[in-house]
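Quick notes on the structure that follows.
The values are calculated or read from the model by the stated rules, or taken from the named source; none is laboratory data. As the structure is a computational prediction, the values presented were derived from the model and not from experiment. Every residue, glycine among them, receives a Cβ derived from its backbone with ideal geometry; neighbour counts consider all protein chains shown. Quick note on the areas: whole protein, heavy atoms, side chains included, nothing else; ligands and nucleic acids left out. Shrake-Rupley method; radii C 1.70, N 1.55, O 1.52, S 1.80 Å.
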Amino acid sequence: MTRRVSPILVILALLWLLVVAGLALLQPRVIALSTVTTVLQYSTILALVALGQALVILCGGAGIDISVGGMVSLAATAPLLFVKAGLPSLLIAPGCLLCGLALGIVNGLLVTRLRLLPLIATLATFYVYSGGAVALTAGAAQAGVPPLLLPWGRGAALGLPLPFLTLALPLFIATAVLLGWTSYGRWIYAMGFNERSARLVGIPVDRVRLIAYAASGMLAGCAALVSLAWLGSGRPNVGQDLELTSLTAAMLGGISILGGKGGVLGVLAAVLLLVTLQTGLLQLNVNSVWQVGIVGATLVLVLLIDNLALIWRTS
Amino acid sequence: MRRFLSPFGGRESLLAAGCLASGLVFAYLSPYFATADNLFTVARNSNELLLIGLGMTLLLGVGGIDVSVGVAMGLAAIAVGRLLLAGAPPIVAALAGPIVGLALGFVTASVVVLGRIPAIVATLGLFGVYRAAIFLALGGSWLSGLPIGLTNILTANVLGAPLSLFVVAIAYLAVFVAMRFTPFGAHLLASGHSEAKARLFGVPVRRTLIAAYVVSGGLCGVAATFYVATYRNVEMTIGGSLALEAIAAVVLGGTAVTGGRLSLLGTILGVALLRLLQNGLLLVGVPSLWQTVVTGLLLLLVLGIETLGGSQLLGRVTSAFATRPARGAAR
């Protein structure tokens with residue numbers, strides 16, 4: 001937790017203003033309350049996944065979770081397959097969360113018990129999870145979402161979509177409190193900053209890290225649930241590209257890739273910027289493939305500017 | 001450190017045994033698997049992965065990584081394809097691949113090394129950018145029906161084997177010689193082992209890193225030429241999963257992701273095992289959708305076995321049947 005505002009966040013805010021101003025100029029009718037709802041609706045899934053990604057990276061030890069998209073895809077389809085096999089459809093909501101949690105725990109065990117490098121471990125599970133989601137469903141969207149979920153997934157209150165208001169926002173605030181004001185949070189920063197010292201002072205590093213991966217899985221499960229309630233079906237490709245966008249959001253939000261530095265509210269800001277950018281492009285009828293390109297370019301450029309500014313100042 | 005010099009370490013034995021075992025199982029299950037025709041197809045389909053894997057071996061060995069290699073190959077392939085369609089002579093088109101590849105490798109190198117952005121983050125960003133660029137360059141349609149001139153050259157018989165085989169072999173040999181007999185090899189492994197220490201010893205770390213990224217880019221370009229020659233079309237999704245496959249193959253081969261240790265033979269065997277499994281499963285009737293799952297499980301299996309100490313046992317068993325390589329002499 002740094003009290004100083006990170007330069008990346010300033011760049012982000014400026015970029016966001018630029019995007020909004022550009023939109024207002026090119027498509028004035030876009031500036032409306034309904035756009036806010038749309039942006040937040042699209043943000044919810046990314047926000048949840050990016051929160052998990054941020055936690056994993058914060059824990060340090062080269063922590064990264066490439067498998068987030070795969071976890072979302074599998075957690076969105078596997079419960080529907082179970083329902084198809086005869087389980088009551090009310091179990092879908094807890095099913096998504098449990099499925100995500102289980103997948104996250106697998107990641108955590110691979111990293112903490114087998115001591116695999118996180119990049120490689122989650123790369124392998126990314127294959128298994130995302131490939132599994134596609135293979136189990138033969139690539140087809142799965143029906144069977146209980147209609148009970150839809151009003152929650154598509155509703156809004158005060159212009160804020162319900163999934164964002166009831167799930168993403170509380171989780172972000174809870175995590176911010178957890179990181180800033182509990183010993184568990186201080187442990188995360190300590191072990192991310194210097195793992196050896198953290199071990200020496202008796203922080204249960206492996207357990208905390210396992211919990212972080214499990215949390216990332218659980219959050220991916222939440223994102224899967226949101227996608228079900230919003231889209232009304234379980235799509236095996238719903239998590240596509242989330243590893244890139246969630247990593248981008250975490251980096252742009254000021255999380256250091258080395259761990260131990262950054263806060264989650266910056267990540268939320270970064271998510272909102274990215275989604276505003278994407279929705280804006282959508283309004284201007286720019287093809288969706290461009291969005292991936294713009295996300296990538298934003299990532300590289302903002303980090304370059306940040307680094308060059310640092311080099312400039314120190315030399 | 002110079003583990004790649006002793007041809008059969010524990011990991012290589014494990015992979016060779018894996019290739020042999022899966023080969024026997026598939027040959028038993030499918031009468032078509034062990035035919036010369038099929039094995040030739042597997043070899044031909046491995047070319048791009050072998051070349052990109054070679055670059056990835058160097059990158060991981062030096063402590064870097066590049067997840068944009070697949071889409072970089074895609075961009076280079078578009079250049080090759082467009083030139084062929086415009087009626088350029090096949091040789092010119094073939095050279096366009098490596099040239100575009102080298103240029104893209106230089107872009108990656110400047111962002112990672114000069115811009116000081118962590119390699120995994122920077123190349124994920126470039127992955128997005130390149131994919132959008134592929135979309136832009138193709139304009140929403142495929143390049144298809146490319147002239148056959150380039151294909152004829154690369155499949156032309158030289159001493160009883162296709163020319164492409166020789167190109168791959170020369171690439172591996174060149175890297176082997178550079179690693180074994182020039183300072184580059186020592187610099188690369190030292191930088192990968194510990195950047196700070198290598199710098200203290202006077203190793204030109206940045207130059208070594210840049211060289212690794214540029215060489216990897218060039219190899220992607222060569223792979224692009226091969227791709228166009230083999231498939232004679234370029235589709236929108238080209239190279240999307242190739243980088244991850246290459247990382248999987250290289251890690252399977254025993255190259256340390258944290259740098260400082262690499263195995264060229266391991267990469268070859270890793271690619272062979274991946275491609276044999278994919279081909280065999282397809283022939284046995286497993287839908288191709290399961291291929292990525294198998295790749296992931298294989299990666300976990302091999303790394304898990306090694307962590308749990310199984311590979312030492314297996315290495316001991318296999319080396320009992322082989323004449324022990326002069327491991328001590330190589331040092």
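Overview of results
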item	result
Three-way shape call for the stretch B:102-219 based on the alpha-carbon gyration tensor, with the a/c threshold at 1.5	oblate
Percentage, to the nearest whole number, of Cα pairs in chain A over 38 Å apart	12 percent
Binned Cα-Cα distance frequencies in the stretch A:5-52 - 5 Å width, integer %	5, 18, 16, 23, 23, 11, 4, 0
Under 5 Å, built H, 5+ apart or other chain: amide partners of residue B:143	B:234
In the B-A interface, the accessible area buried, summed over both sides, Å² (probe 1.4 Å)	3300 Å²
Global form of the stretch A:20-125, assessed from the alpha-carbon gyration tensor, a/c cut-off 1.5	oblate
Table column - 3J(HN,Hα) (Hz), the stretch B:46-58, Karplus curve with 6.51, -1.76, 1.60, x for Gly and Pro	8, 3, 5, 5, 4, 5, 5, x, 4, x, 5, 4, 5
Shape call, the protein assembly as shown: gyration tensor on alpha carbons, a/c limit 1.5	rounded
Accessible-area value, residue B:40, 1.4 Å probe, nucleic acids and ligands omitted, Å²	100 Å²
Helix-only [θ]222 nm of chain B, DSSP H runs n ≥ 4, -39500 (n - 2.57) each, per residue, nearest 500	-23500 deg cm²/dmol
Estimated 222 nm signal from helices in chain A, with DSSP H stretches of n ≥ 4 weighted -39500 (n - 2.57), rounded to 500	-24000 deg cm²/dmol
Rotationally averaged projected area of the stretch A:168-264 (alpha carbon convex hull; nm²)	6.8 nm²
Sequence-distant residues sharing a close amide H with residue A:156 (under 5 Å, placed H)	A:162
Average partner coverage of B:108-118, which counts Cβ from other chains inside 10 Å	4
Coordinate range along principal axes, alpha carbons of the stretch B:10-319, Å, largest first	54, 54, 38
Carbon + sulfur, % of accessible area of the stretch A:50-98 - ligands and nucleic acids excluded, 1.4 Å	79 percent
Residues of the stretch B:10-319: accessible area per residue with a 1.4 Å probe, Å²	39 Å²
Convex hull volume per residue in cubic angstrom - Cα atoms of the stretch A:123-182	154 Å³
Area accessible to solvent at residue A:305, 1.4 Å probe radius, in Å²	90 Å²
Solvent-accessible surface (1.4 angstrom probe) belonging to residue A:154, in square angstrom, nearest 10	130 Å²
Under the span-like rule (Cα at least 20 Å along the axis, Kyte-Doolittle mean at least 1.0), DSSP H helices of chain A	A:7-26, A:33-58, A:68-84, A:92-112, A:118-137, A:205-231, A:264-283, A:288-314
